[in-house]
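Undergrad: Here's a structure for you.
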Amino acid sequence: MAVVQPESIAAVDAAIRARSCVLNFCAEWCEPCAHMNLVFSELAAEHAALSFLQIDADRFPELCERFELDAVPAFLFFHAGELADKLLGADAAALSLKAKSHGLTASLQSVGAPPSAAAPASGPAALEERLKALTHSAPVMVFMKGSPDAPRCGFSRMICEILAEEKVQFGHFDILSDAEVRQGLKTFSNWPTYPQLYANGKLVGGLDIVKELKEEGELLDSLPAVAHPLENRLKALTNSAPVMVFMKGSPVAPRCGFSRQICEILTELKVQFGHFDILSDADVRQGLKTYSNWPTYPQLYANGKLVGGLDIVKELKEEGELLDSLPAASVIVS
C-alpha cells in the first residue's frame, strides 16, 4: 500500500476513523526524517492491513499540538479510531517491529478477532497452536492485564515500566480480553500467574523473575537483540565514521559553545569527522550518556570508542597526543 500525504486535518481524521493506520510526522528540515521516510515507504508496502499517512509537521501544527508532539520524526499507531501506540525518534528497527505488531493486530481485527488475539480456537490442539502463535507474535511479548497505556493491575504496570526503562520494544496481549487464552496459557507455560514475559516464544518468567534479572543486569541478555534496538543503534552510530562527534547542532551551525570549540579543534588539526546532532533525537541524547558513562556533550569517539568530552580533547591537544588518539586515516595529510 502506498504512503498517503493527506491534504487536510479532516482527511487525517477520516483516515483514522476508517481503518487501522500509522501517522508519520516529519519535516523537510530534519535530516533523520529523510531516512525514516524511506523506511516508512518500505513498511507501507509490507503491511497492507495498515494505512500509512505521512504528515508534514510544519504544515499541520494543530495535529502536533493535539497529539502533544514537540519533535520529529514521530509515529502514531491507531486502531478503531483510538491512539494505541507511539514511537518518537529515528529508530528504524523499532518502527519495523511496531509496524509488524500493529499490522498483525489490524489483520486480526479485519476478520473480526479481538484486537490482540488470533482467530478463535477449537479444541486443545487448536488452542495450543494459537498460544504458540501468540507467544511468537513479537520477539518480546507480555501477557498482562490491560495494555501498557492502561494496565489493569499493579504487577502488569510494573513489568511494562521495567521494559520501558530498559528501552525494550515489546508486543502485548490483554488476558482479560480472552478467557480461553487466560486459562490456557497457564498450562501452556506451566506458570500460574500474570504478567508473563516471553522472548522468541519462550517463557522468561513473571514480574519477580524480571525484577531479579534487571537487578542483576541480565535482563537485556535474556531478550533478543532486536527488542532493545537503542543499544544496537548507539553502537552503529558511534561506529558510523572513524571519528564521530556527538554534539548540539552541526559543525557548520553548532548550537552551543562547547560543540563549536570541539569542531574548531578537529578542523584546525585537519581531522575528518562525522557528527550527530543530539538535539534531534531524545533517545540518543539520553541513551548515549548511559552507553558511554559520560554525562555531558559534546562526546568524541574514535573507532566506536569514547575519547572524551571537550576538556579531554583540549588536554590531549595541548599535550600533543590528540592525533595519536585518533585513527590515522581520519587525518588529512597536506
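The values are calculated or read from the model by the stated rules, or taken from the named source; none is laboratory data. From a predicted model like this one, the values you see are computed outputs, not experimental measurements. Cβ coordinates were reconstructed from backbone atoms using ideal geometry, including for glycine residues, and neighbour counts include every protein chain displayed. Surface accessibility is based on the protein's heavy atoms, side chains included, excluding ligands, DNA and RNA. Shrake-Rupley method; radii C 1.70, N 1.55, O 1.52, S 1.80 Å.
Undergrad: Kindly list the number of the only condition in (1) surrounded by fewer than 22 Cβ atoms within 10 Å (Cβ to Cβ); (2) modelled with pLDDT of 90 or more; (3) under 29 Å from Leu234 (Cα atoms) that fails for Cys153.
TA: (3)
Undergrad: With Lys186, Lys214 as the choices, which residue is of a type in the set (Lys, Arg), closer than 17 Å to Ala133 by Cα and outside any loop (DSSP other than H, G, I, E, B)?
TA: Values: Lys214 fails: closer than 17 Å to Ala133 by Cα.
It is Lys186.
Undergrad: Name the pairs: first residue in region 72-83 and over 17 Å from Ala57 (Cβ atoms) and assigned to a loop (DSSP other than H, G, I, E, B), second residue open to solvent by less than 30 Å² (accessible area, probe 1.4 Å) and of a type outside the set (Phe, Trp, Tyr), Cβ to Cβ under 6 Å, at least 6 apart or on different chains?
TA: Here the result reads Gly81/Ile16, each pair linking region 72-83 to a residue that is open to solvent by less than 30 Å² (accessible area, probe 1.4 Å) and of a type outside the set (Phe, Trp, Tyr).
Undergrad: Between a residue in region 139-166 that is in a loop (DSSP other than H, G, I, E, B) and any residue that is among the polar types (S, T, N, Q) and open to solvent by 50 Å² or more (accessible area, probe 1.4 Å), which pairs come within a Cβ distance under 7 Å, given they are 6 or more apart or on different chains?
TA: Within 7 Å, the pairs are Pro139/Asn200.
Undergrad: If you don't mind, there's one more thing I want to ask. Could you tell me which of the residues Leu279, Leu316 is within 30 Å of Glu166 (Cβ to Cβ) and in a helix (DSSP H, G or I)?
TA: Working: Leu316 fails: within 30 Å of Glu166 (Cβ to Cβ).
Every option except Leu279 fails the conditions.
Undergrad: Return the total of residues in region 188-240 being in contact (Cβ under 8 Å) with a residue 40 or more places away in the chain, closer than 26 Å to Lys145 by Cα and in contact with a Gly (Cβ under 8 Å, 6 or more places away or on another chain).
TA: Matching residues across region 188-240 total 4.
Undergrad: Return the residues of region 282-304 that are part of a strand (DSSP E or B) and in contact (Cβ under 8 Å) with a residue 60 or more places away in the chain; say none if nothing qualifies.
TA: At the first step, the residues of region 282-304 found to be part of a strand (DSSP E or B) are 299-302.
Those that are part of a strand (DSSP E or B) and in contact (Cβ under 8 Å) with a residue 60 or more places away in the chain: Tyr301, Ala302.
Undergrad: Within region 90-107, can one find any residue that is surrounded by 13 or more Cβ atoms within 10 Å (Cβ to Cβ), at pLDDT below 80 and more than 23 Å from Pro229 (Cβ to Cβ)?
TA: Yes, region 90-107 contains at least one residue that is surrounded by 13 or more Cβ atoms within 10 Å (Cβ to Cβ), at pLDDT below 80 and more than 23 Å from Pro229 (Cβ to Cβ).
Undergrad: So, one more: Can you tell which of Ala48, Ala93 is within 24 Å of Asn232 (Cα to Cα), among the aliphatic types (A, V, I, L, M) and in contact (Cβ under 8 Å) with a residue 40 or more places away in the chain?
TA: Among Ala48, Ala93, only Ala93 is within 24 Å of Asn232 (Cα to Cα), among the aliphatic types (A, V, I, L, M) and in contact (Cβ under 8 Å) with a residue 40 or more places away in the chain.
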